[in-house]
Amino acid sequence: MSELRSLYQEIILDHNKNPRNFKKLENADRVVEGYNPLCGDHYTIYLKLKDDRIEEITFDGGGCAISKASASVMSSILKGKTKAEAEELFETFHKLVIGELKGLDSMDELGKLAAFSGVSEFPARVKCASLAWHTMKSALESDKKVVSTE
Amino acid sequence: MSTQSPIMPSEVLERFDVARIRKDFPILSLNVHGKPLVYLDNAATSQKPQCVINAINEYYRSENSNIHRGVHYLSEKATQEYENVRTKVQRFINASSVKEIIFARGTTEGINLVASTYGRKAINAGDEVLISAMEHHSNIVPWQILCEEKGATLRVIPINDSGEIILDEYQKLLGRKTKIVSLAHVSNALGTINPIKQMIALAHQQGVIVLIDGAQAIPHLNVDVRELDCDFYVFSAHKVYGPTGVGVLYGKYDILDAMPPYQGGGDMIKSVTFEKTIYNDLPYKFEAGTPNIADGIGFGAALDYIAQLDWQAVSEYEHELLQYATEVISGIDGVKIIGTAKEKASVISFVLDGVHPHDIGTILDQEGIAIRTGHHCAQPVMQRFNIPATARASLALYNTKAEIERLAAGIQKVIEVFH
Ligand SMILES: Cc1ncc(COP(=O)(O)O)c(C=O)c1O
């Protein structure tokens, strides 16, 4: 059970059950769909940008607990961040879930993201955890309003 | 299973010596995450008995050679072994002749072969290809490609809420434009056994050719292609205790004979000049290039293994096991079984309130239980039932009641984690 608890931590179960910022955003500047054809996880991420900042970020769609909690946690963390900060967090998160995050004094630095540290023990679930982040990243990188990503 | 058992359930479970069968499959004694493996992903691929593993090993140790071309000892031996397998397949499905048995890579290649040879020749603009709403992607996409190329139309027979084909709708769809009907014998996503004998007869009344995708039927049902009167029947060795990379396309002789070849190359020709090539006779016309000899021979060992089983006892056992599993799983609070046809084989697809199948799969895996989660290469089935995915347990002859109980306990654990 301990392995499982390290994957399904309370924060993840909570964000899965009560996802934050879980709604369509009218007047979004970027609307990006992320889809994992293997398991059918499917989310849309809505971004409102002001200058270089993420003024508003929401999502809707559906999938497993890991992917949904990840999208929810991401949305609550990224609100108010600059693009550069968001991309840095993307890198941190990515390293965390593939088990390559080194040189941290403690998980505290990661805040809520630390809840995903157990994912690296479950290689089949890395894609679930990363889906929303990849989708967000392609939203930032694209100058098109609507993008699709797999 | 469709066979009605005259024996009381408990007797069947006792009469069939599953403990002995399990000893034939070495992988079943594996521990996964510290727990004895419970393998319930048989619809994806079955495990292999030791005799199949031995046959492949033995082939490479003492028979390896190319076939149909050498005069030396090894080549003749390998050729004979490989061709013996064709005879075993012919008997296994009761075909009239070994010339009707074409080896392919699997079900997928078998269907593609028919679509791109028979299909290309027989289907023209305005024609229709008829499939059902419960097909595997491999029995959808090849026909879509063909229809697009020819300006033909793919029509879909609807299914009801239990996951059964609606026969009235089938009869309405079968028309003068229909050129081929292509149907799963047993659905991999729902477990439904389709009434294909009746459906084949209905198609033949209109002069329409029928292909049966037998991938999920062949491990569980007694298949007699002459009794069914299907025009084509395809299946994969790996789902019936044989190796991956080998499959069978059965076709009626006259139809195969009139078909253009599939791939060009060695073995499929009688003579080649730059002006003209004369194709080989059946079945070789459809078998260009060096085939998967070793796995073909491994498949022969799987057929021998099946032949020494009491198939009636196996059928009754599997039927009882499926009934037991259905009862146990559907009795768990919050579980809903998707696919509740009257006639079913092997497959229990289910969803659990508030938990995505992917999470079910991960938690069961930690318990040593292997199931499949996702859309099972049948996305239209998921769309029909308005769900993103299911968790699927699929049974084989070596599964036990105790394993079903482990599955049920595993599902309880999922519920525990999420509540
Ligand atoms: C009903 C059905 N048809 C076709 C296939 C494809 O078989 P293969 O991948 O062996 O070609 C499968 C296997 O998943 C199946 O279940």
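The values are calculated or read from the model by the stated rules, or taken from the named source; none is laboratory data. Remember, it's a predicted structure, so these values are computed and weren't measured experimentally. As a convention, Cβ positions derive from the backbone with ideal geometry for all residues, glycine included, and neighbour counts pool all protein chains shown.
Summary table below
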read-out	value
Residue in the range B:232-240 that is more than 13 Å from the ligand (Cβ to nearest atom), in contact (Cβ under 8 Å) with a residue 24 or more places away in the chain and under 21 Å from B:Y82 (Cβ atoms) present	no
Residue under evaluation B:V351, criteria (1) away from chain A (no Cβ under 14 Å); (2) not in a helix (DSSP H, G or I), criterion not met	(1)
Residue under evaluation B:S271, criteria (1) surrounded by 19 or more Cβ atoms within 10 Å (Cβ to Cβ); (2) assigned to a strand (DSSP E or B); (3) of a type in the set (G, A, S), criterion not met	(1)
For B:G374: the one exception among (1) crowded, with 23+ Cβ neighbours inside 10 Å; (2) within 14 Å of another protein chain (Cβ to nearest Cβ); (3) within 30 Å of B:K48 (Cα to Cα); (4) in contact with a Gly (Cβ under 8 Å, 6 or more places away or on another chain)	(1)
Residue count, the range B:131-171 (criterion: within 13 Å of the ligand (Cβ to nearest atom), closer than 23 Å to B:Q205 by Cβ and of a type in the set (S, T, N, Q))	2
Single residue of B:I387, B:I404 found to be more than 16 Å from the ligand (Cβ to nearest atom) and touching a helix residue (DSSP H, G or I) at 6+ places or on another chain (Cβ under 7 Å)	B:I404
When residues of the range B:196-214 are limited to those that are within 16 Å of the ligand (Cβ to nearest atom) and out of contact with any His (no Cβ under 7 Å at 6 or more places or on another chain), the one nearest to B:N160 (Cα to Cα)	B:M199
Count of residues meeting criterion [among the hydrophobic types (A, V, I, L, M, F, W, C), touching a helix residue (DSSP H, G or I) at 6+ places or on another chain (Cβ under 7 Å) and more than 14 Å from chain B (Cβ to nearest Cβ)] in the range A:46-73	5
Hey, B:A345 buried (at least 23 other Cβ atoms within 10 Å of the Cβ) and touching a strand residue (DSSP E or B) at 6+ places or on another chain (Cβ under 8 Å) or not	yes
Given (1) under 25 Å from the mean Cα position of the chain (by Cα); (2) surrounded by 15 or more Cβ atoms within 10 Å (Cβ to Cβ); (3) away from the ligand (no atom under 16 Å from the Cβ), number of the condition B:S75 does not satisfy	(1)
Close pairs from the range B:81-110: first within 12 Å of B:Y284 (Cα to Cα) and more than 14 Å from every other protein chain (Cβ to nearest Cβ), partner of a type in the set (D, E, K, R) and more than 16 Å from the ligand (Cβ to nearest atom), Cβ under 7 Å, at least 6 apart	B:V98/B:R86; B:E100/B:K252; B:I101/B:R86; B:I102/B:E287; B:F103/B:E287
Hey, B:G247 farther than 17 Å from B:I111 by Cβ and either within 16 Å of the ligand (Cβ to nearest atom) or assigned by TED's automatic domain parsing to the domain that holds B:Y59 (or both) or not	no
Set A:G111, A:G99: member being assigned to a loop (DSSP other than H, G, I, E, B) and surrounded by fewer than 17 Cβ atoms within 10 Å (Cβ to Cβ)	A:G99
Yes/no for B:I338 being in contact with a strand residue (DSSP E or B) (Cβ under 7 Å, 6 or more places away or on another chain) and surrounded by 14 or more Cβ atoms within 10 Å (Cβ to Cβ)	yes
Failed criterion for B:Q323 (all others in (1) under 30 Å from B:V141 (Cβ atoms); (2) more than 14 Å from chain A (Cβ to nearest Cβ); (3) polar (S, T, N, Q) hold)	(1)
Residues (away from the ligand (no atom under 11 Å from the Cβ), of a type outside the set (G, A, S) and surrounded by 21 or more Cβ atoms within 10 Å (Cβ to Cβ)) located in the range B:106-130	B:L113, B:V114, B:Y118, B:I123, B:V129, B:L130
Failed item in (1) away from chain A (no Cβ under 14 Å); (2) within 16 Å of the ligand (Cβ to nearest atom), with B:A44 passing the rest	(1)
When residues of the range B:219-231 are limited to those that are closer than 20 Å to B:L309 by Cα and crowded, with 24+ Cβ neighbours inside 10 Å, the one nearest to the ligand (Cβ to nearest atom)	B:P219
Residue satisfying condition, being more than 16 Å from the ligand (Cβ to nearest atom), modelled with pLDDT of 95 or more and surrounded by 15 or more Cβ atoms within 10 Å (Cβ to Cβ), within set B:F103, B:F92	B:F92
Residue match in the range A:22-39 (condition: modelled with pLDDT of 95 or more and within 14 Å of chain B (Cβ to nearest Cβ))	no
Unmet requirement for B:I363, which otherwise passes all of (1) over 21 Å from A:G62 (Cβ atoms); (2) away from the ligand (no atom under 16 Å from the Cβ)	(1)
Subset of the range B:381-402 (residues that are surrounded by 24 or more Cβ atoms within 10 Å (Cβ to Cβ) and either in a helix (DSSP H, G or I) or touching a strand residue (DSSP E or B) at 6+ places or on another chain (Cβ under 6 Å) (or both))	B:V381, B:A389, B:T390, B:A391, B:R392, B:A393, B:S394
Among residues of the range B:245-257, those that are surrounded by fewer than 17 Cβ atoms within 10 Å (Cβ to Cβ) and in contact (Cβ under 8 Å) with a residue 40 or more places away in the chain, counted	2
Residue check, B:A184 within 14 Å of chain A (Cβ to nearest Cβ), within 16 Å of the ligand (Cβ to nearest atom) and either in contact (Cβ under 8 Å) with a residue 40 or more places away in the chain or under 12 Å from the mean Cα position of the chain (by Cα) (or both)	no
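Residue-wise test of (1) part of a strand (DSSP E or B); (2) closer than 17 Å to B:I293 by Cβ.
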position: B:A43; (1), (2): no, no
position: B:N54; (1), (2): no, yes
position: B:K77; (1), (2): no, yes
position: B:L130; (1), (2): yes, no
